[in-house]
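> A single structure is presented below for examination.
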Amino acid sequence: MSKVSWNDVQARLREHRPSGAIRDAGTFGADFKARARLVRQEAPGGAGTPWVPLLRWGVASFAVVLVVAVTVVFWPVHSDLMTQVKSLRVLAPYSGVIIMNDEGGQGTVVWITDMETDGGDKG
Amino acid sequence: METRGDMRRNLTWILMIGLILTAGVSLAGSTLSIRLVEASHAGQGMGAGLGDVSKVLQDNLPFKSFQLLASRSMSLPANGVASLNAGFVARCSGNQGSLSVVIESGGRKVLQSTVELRDGSPLILGGFSSGKGKLIVILLAK
């Protein structure tokens, strides 16, 4: 990197000095504002507000969780998702067995009719 | 403007929330509740402690009154004995997918069953004779 002496800098600055008269502060400011209006400006504080994308993500996440929860709650209940009786042995005197899968109440009912629990067989 | 770093951070949060929810769901069903209920035509209504099974009881059984006599619980997989009221005992062993249940009355086995319990889906074992009506054993995994 070559070093430039201060004298050279001054000389080069003089060479590149604008030839016209130096504008006053008011004109310079007005020109600057006119140029600035030509370019779309970011709203004050727009880029520096981190809560806006966070809020957007929060709302989106909540919507996803809500959809999943509603789907799970209102999903039709099938018998294979309910309690199942694999085997049943009644060891007391009885006349019949009724097994019901209640999809509305989401339960399984095993009802033994005319069972005499006091006179059951020893298992 | 949302940067790629912000998106990555937000995605990480969503994944963490999802993991927490998944862990909560997978831990569900770790407790087996065993209740003894007396069903009869004397009186009317559903006794305390039966709110979660009231619909299945009222919709399927022709009784006016359901009263809770005893309530016990054990962890799943089960391997224990629950002494209920009126000389009834429930012996449970095995995991939720293949739970062995033996009901005893007065020291005698009266019913033996193997069931696959689903979370929140009660199993109603009923028809045991009682003075006022019928006794019911309710098994529920939560």
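> Would you pick out the residues in region A:86-101 that are touching a Phe, Trp or Tyr at 6+ places or on another chain (Cβ under 8 Å) and within 7 Å of chain B (Cβ to nearest Cβ)?
If the condition is that a residue be touching a Phe, Trp or Tyr at 6+ places or on another chain (Cβ under 8 Å) and within 7 Å of chain B (Cβ to nearest Cβ), then A:Met100 is the only one that fits.
> Residue by residue through region A:72-85, note down the ones that are facing another protein chain (nearest Cβ under 9 Å) and either modelled with pLDDT of 85 or more or not in a helix (DSSP H, G or I) (or both).
A:Val77, A:Met82, A:Thr83, A:Gln84, A:Val85
> Going through A:Ala60, A:Ala69, A:Ala34, A:Ala21 one at a time, which residue ends up being modelled with pLDDT under 90, on the phi < 0 side of the Ramachandran plot and assigned to a helix (DSSP H, G or I)? Full working, then the answer.
Working: A:Ala60 fails: modelled with pLDDT under 90; A:Ala34 fails: modelled with pLDDT under 90; A:Ala21 fails: assigned to a helix (DSSP H, G or I).
Step by step, each of A:Ala60, A:Ala69, A:Ala34, A:Ala21 is checked, and only A:Ala69 is modelled with pLDDT under 90, on the phi < 0 side of the Ramachandran plot and assigned to a helix (DSSP H, G or I).
> Scan region B:112-136 residue by residue and report those that are surrounded by fewer than 22 Cβ atoms within 10 Å (Cβ to Cβ) and not in a strand (DSSP E or B).
B:Gly120, B:Ser130, B:Gly131, B:Lys132, B:Gly133
> Have a look at B:Asn60, B:Asn10 and point out the one that is modelled with pLDDT under 95 and either over 15 Å from B:Leu125 (Cα atoms) or surrounded by fewer than 18 Cβ atoms within 10 Å (Cβ to Cβ) (or both).
B:Asn10
> Please tell me if B:Leu139 is assigned to a strand (DSSP E or B), within 13 Å of the chain's Cα centre (by Cα) and either surrounded by fewer than 23 Cβ atoms within 10 Å (Cβ to Cβ) or facing chain A (nearest Cβ under 7 Å) (or both).
Against the criterion (assigned to a strand (DSSP E or B), within 13 Å of the chain's Cα centre (by Cα) and either surrounded by fewer than 23 Cβ atoms within 10 Å (Cβ to Cβ) or facing chain A (nearest Cβ under 7 Å) (or both)), B:Leu139 does not qualify.
> Another question, then. Would you call B:Ser54 among the small types (Gly, Ala, Ser), at negative phi and within 13 Å of the chain's Cα centre (by Cα)?
yes
> Among the numbered criteria (1) assigned to a strand (DSSP E or B); (2) more than 8 Å from every other protein chain (Cβ to nearest Cβ); (3) under 25 Å from A:Ser95 (Cβ atoms), which single criterion is violated by B:Lys109?
Here B:Lys109 clears every test but (2).
> Could you check region B:72-106 and list, in sequence order, the residues that are within 13 Å of chain A (Cβ to nearest Cβ), surrounded by 16 or more Cβ atoms within 10 Å (Cβ to Cβ) and in contact with a Gly (Cβ under 7 Å, 6 or more places away or on another chain)?
B:Gln96, B:Ser100, B:Ser105
> Could you tell me how many of the residues in region B:78-89 are under 16 Å from B:Ser129 (Cα atoms) and part of a strand (DSSP E or B)?
2
> Condition first: among the hydrophobic types (A, V, I, L, M, F, W, C), at pLDDT 90 or above and closer than 20 Å to A:Asn101 by Cα. Can you find one or more residues in region B:68-75 that meet it?
No, because not a single residue in region B:68-75 is among the hydrophobic types (A, V, I, L, M, F, W, C), at pLDDT 90 or above and closer than 20 Å to A:Asn101 by Cα.
> Go through region B:90-106 and count every residue that is part of a loop (DSSP other than H, G, I, E, B) and among the hydroxyl-bearing types (Ser, Thr, Tyr).
Taking region B:90-106 as the starting set, the residues that turn out to be part of a loop (DSSP other than H, G, I, E, B) are B:95-98, B:106.
If we keep only those that are among the hydroxyl-bearing types (Ser, Thr, Tyr) too, we end up with B:98.
Of the residues in that region, 1 qualify.
The values are calculated or read from the model by the stated rules, or taken from the named source; none is laboratory data. Here the structure is a predicted model, which is why all the values come from computation and not from measurement. Note: ideal-geometry Cβ built from the backbone for every residue, glycine included; neighbour counts use all protein chains shown.
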